[in-house]
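What follows is a structure written as structure tokens; I'll ask about it next.
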Amino acid sequence: MKPIVNGSRKLIVVGQGYVGLPLAMRGVEVGYDVVGFDLAEGRIKRLSIGESYVEDVPHAVVEAALATGRYEPTNDPRLCEGFDVAVIDVPTPLKDKVPDLSHVEAAAGMLAQYLRPGAMVVLESTTYPGTTEELVAPILEAGSGLIAGTDFHLGYSPERVDPGNKTWALTNIPKIVSGVTDASLEAVQGFYAELVSETIAVSGTREAELTKLLENTFRHVNIALVNELAMFAADLGIDVWEALEAASTKPFGYMGFLPGPGVGGHCLPIDPSYLSWKVRRTLGQSFRFVELANDVNEHVPDYVVQRLLVAFNNRNRRAIQGSKVLILGLAYKANTGDAREAPGTEIIERLVSLGAEVRVVDPHLSDEPEGFYTMVDLTPAELARADAVLLVTDHDAFDYDLVRRHARFILDTRGRLEGPNVERL
Ligand SMILES: NC(=O)c1ccc[n+]([C@@H]2O[C@H](COP(=O)([O-])OP(=O)(O)OC[C@H]3O[C@@H](n4cnc5c(N)ncnc54)[C@H](O)[C@@H]3O)[C@@H](O)[C@H]2O)c1
């Protein structure tokens, strides 16, 4: 296989979301002609006028990319013709609790039509071990008549970006790289070496796929551990937050995780289930840690509502029905506007079904509210009119002093506040 030697090199990034858009922008920066391919017409329209919907990518960066003449957001697959490198960054959700690889299949099927000898395809979407070789390779081969690892390069490189993280981003997070052959690994590593400061090669695509699932399962399990600990500590009358803070002073052998209202986003509620599904399907066995962590974390939103019910009973001497609850933060984590799978949504649904009137403050959220609650600004009047304030996501943008001063009662699921009117999870 000949290495690609280019004057202008064409990079396709399939999927222009939280992962694909930053990669496309970086590709432009290092000199590629980049096609940002996405099926969502609305997203393509916005990108075409220099508008970003990903918080970590400022509008100015998209505008600058467009101004180079080397970034083309499109939903027309024909523009993918003649690519040198294609990276797949499409969603990998669960459907009926089973991995849904339909987006990956569609992306690979589209790319197969335009695959040329010597080109390279990399899968970045999070998925179970075996996907690159057992699912993506056959689709690319069948559609192109070429052989993976022989006629074209194929690899897997998990994306580790952490939306909202100001310290760690695409360029300085070490990138795991793998290929279906040594030559593919070399090509994949060469590609990423241009984009990021450090690449780490693993011997096969399955190891790379497992690495990502290990990282997210590790977080998921540890969050479940502290969530369960928080529930028991509350019943035992022990301040779990103080214990967690004290434990975090140990300079070795301990890594701090904090309790919260449950897990959300595109990763933790989903990725570990890709792993447990693979283990069950291939080995017929249950991945007990994953099942247990799912069980604990899925229960937390319900627990939060229970705690609020008890607080209404004990503090307010009233039922939650007809009461006003102000939710602070709906995004699944602080300082992002991503409310996918956010536990706050489940909490709101339960509160509304119990007859509470729910209002939500979230300065990061750009999506329209889903109808059963009202979005409001954080004002003294909103805080004062609420029978309870529920801190779900501790965005830095909230004026916590204002909250403490004007709220009658606060249930804090993030351990951020203290005071006579505050109860922590
Ligand atoms: N968001 C994160 O923090 C994060 C971090 C690491 C890894 N990941 C993984 O990266 C992958 C992508 O996640 P994301 O958060 O960027 O998703 P996203 O939903 O933000 O973006 C995915 C984009 O792919 C598009 N798309 C779907 N099918 C397509 C197709 N066949 N062709 C072209 N475009 C298509 C969608 O319209 C969407 O714009 C997932 O596997 C996810 O688990 C996400």
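The values are calculated or read from the model by the stated rules, or taken from the named source; none is laboratory data. Quick caveat, the model's predicted, so the values are computed rather than measured. No Cβ is skipped: glycine too gets one built from the backbone with ideal geometry, and neighbour counts run over all protein chains shown. SASA here: full protein model, heavy atoms, side chains in, ligands and nucleic acids out. Shrake-Rupley method; radii C 1.70, N 1.55, O 1.52, S 1.80 Å.
Might you let me know whether segment 270-287 holds any residue that is surrounded by fewer than 19 Cβ atoms within 10 Å (Cβ to Cβ) and among the aliphatic types (A, V, I, L, M)?
Yes, segment 270-287 has at least one match.
Between Asp96, Asp100, Asp162, which is at pLDDT below 95 and within 14 Å of the ligand (Cβ to nearest atom)?
Of Asp96, Asp100, Asp162, the one residue that is at pLDDT below 95 and within 14 Å of the ligand (Cβ to nearest atom) is Asp162.
Return the total of residues in segment 105-138 being within 16 Å of Val180 (Cβ to Cβ) and away from the ligand (no atom under 12 Å from the Cβ).
Residues flagged as within 16 Å of Val180 (Cβ to Cβ) and away from the ligand (no atom under 12 Å from the Cβ) within segment 105-138 amount to 17.
Also, quick follow-up: Among the residues of segment 339-352, is any within 16 Å of the ligand (Cβ to nearest atom), open to solvent by less than 30 Å² (accessible area, probe 1.4 Å), of a type outside the set (Ser, Thr, Tyr) and within 27 Å of Glu215 (Cα to Cα)?
Within segment 339-352 (the criterion being within 16 Å of the ligand (Cβ to nearest atom), open to solvent by less than 30 Å² (accessible area, probe 1.4 Å), of a type outside the set (Ser, Thr, Tyr) and within 27 Å of Glu215 (Cα to Cα)), the answer is yes, since at least one residue qualifies.
Of the residues Thr413, Thr345, which single one is under 18 Å from Asp302 (Cβ atoms), at pLDDT 95 or above and polar (S, T, N, Q)?
Just one listed residue meets the conditions, Thr413.
If you go through segment 171-190 one residue at a time, do you hit one that is within 13 Å of the ligand (Cβ to nearest atom), closer than 30 Å to Ala331 by Cα and in contact with a Pro (Cβ under 9 Å, 6 or more places away or on another chain)?
Within segment 171-190, one or more residues are within 13 Å of the ligand (Cβ to nearest atom), closer than 30 Å to Ala331 by Cα and in contact with a Pro (Cβ under 9 Å, 6 or more places away or on another chain).
Of everything in segment 277-306 that's in a helix (DSSP H, G or I) and among the hydroxyl-bearing types (Ser, Thr, Tyr), which residue is nearest to Thr413 (Cα to Cα)?
My answer is Tyr303.
Further, regarding this structure: If you check Gly27, Gly82, Gly31, Gly17, which single one turns out to be touching a strand residue (DSSP E or B) at 6+ places or on another chain (Cβ under 7 Å) and closer than 22 Å to Asn172 by Cα?
From the options Gly27, Gly82, Gly31, Gly17, the qualifying one is Gly27.
Whether any residue in segment 307-314 is open to solvent by less than 20 Å² (accessible area, probe 1.4 Å) and either modelled with pLDDT of 95 or more or over 22 Å from Arg408 (Cα atoms) (or both) is what I want to check.
yes
Among the listed residues Val296, Val240, Val263, identify the single one that is buried (at least 19 other Cβ atoms within 10 Å of the Cβ) and at pLDDT below 95.
Of the residues listed, the single one that is buried (at least 19 other Cβ atoms within 10 Å of the Cβ) and at pLDDT below 95 is Val263.
Could you list, in sequence order, the residues of segment 105-157 that are touching a Ser or Thr at 6+ places or on another chain (Cβ under 7 Å) and among the aromatic types (Phe, Trp, Tyr)?
Passing the criteria: only Tyr156.
If you don't mind, there's one more thing I want to ask. Looking only at residues that are touching a Ser or Thr at 6+ places or on another chain (Cβ under 8 Å), within 8 Å of the ligand (Cβ to nearest atom) and closer than 17 Å to Ile44 by Cβ in segment 72-93, which one is most open to solvent (accessible area, probe 1.4 Å)?
Among residues in segment 72-93 that are touching a Ser or Thr at 6+ places or on another chain (Cβ under 8 Å), within 8 Å of the ligand (Cβ to nearest atom) and closer than 17 Å to Ile44 by Cβ, the one most open to solvent (accessible area, probe 1.4 Å) is Pro91.
Residue-by-condition table, conditions (1) open to solvent by 50 Å² or more (accessible area, probe 1.4 Å); (2) touching a residue at least 60 places away in the same chain (Cβ under 8 Å); (3) among the hydroxyl-bearing types (Ser, Thr, Tyr):
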site	(1), (2), (3)
Glu159	no, yes, no
Thr167	yes, no, yes
Thr171	yes, yes, yes
Ser184	no, yes, yes
Val202	no, no, no
Arg206	yes, yes, no
Leu213	no, yes, no
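From the list Gly20, Gly27, Gly36, which one is small (Gly, Ala, Ser), at pLDDT 95 or above, under 19 Å from Val196 (Cβ atoms) and away from the ligand (no atom under 14 Å from the Cβ)?
Gly27
Listed here are the residues, each with its yes/no results for (1) among the aliphatic types (A, V, I, L, M); (2) free of Cβ contacts under 8 Å to residues at least 12 places away in the same chain.
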residue	(1), (2)
Gln285	no, yes
Leu292	yes, no
Val304	yes, no
Val310	yes, yes
Arg317	no, yes
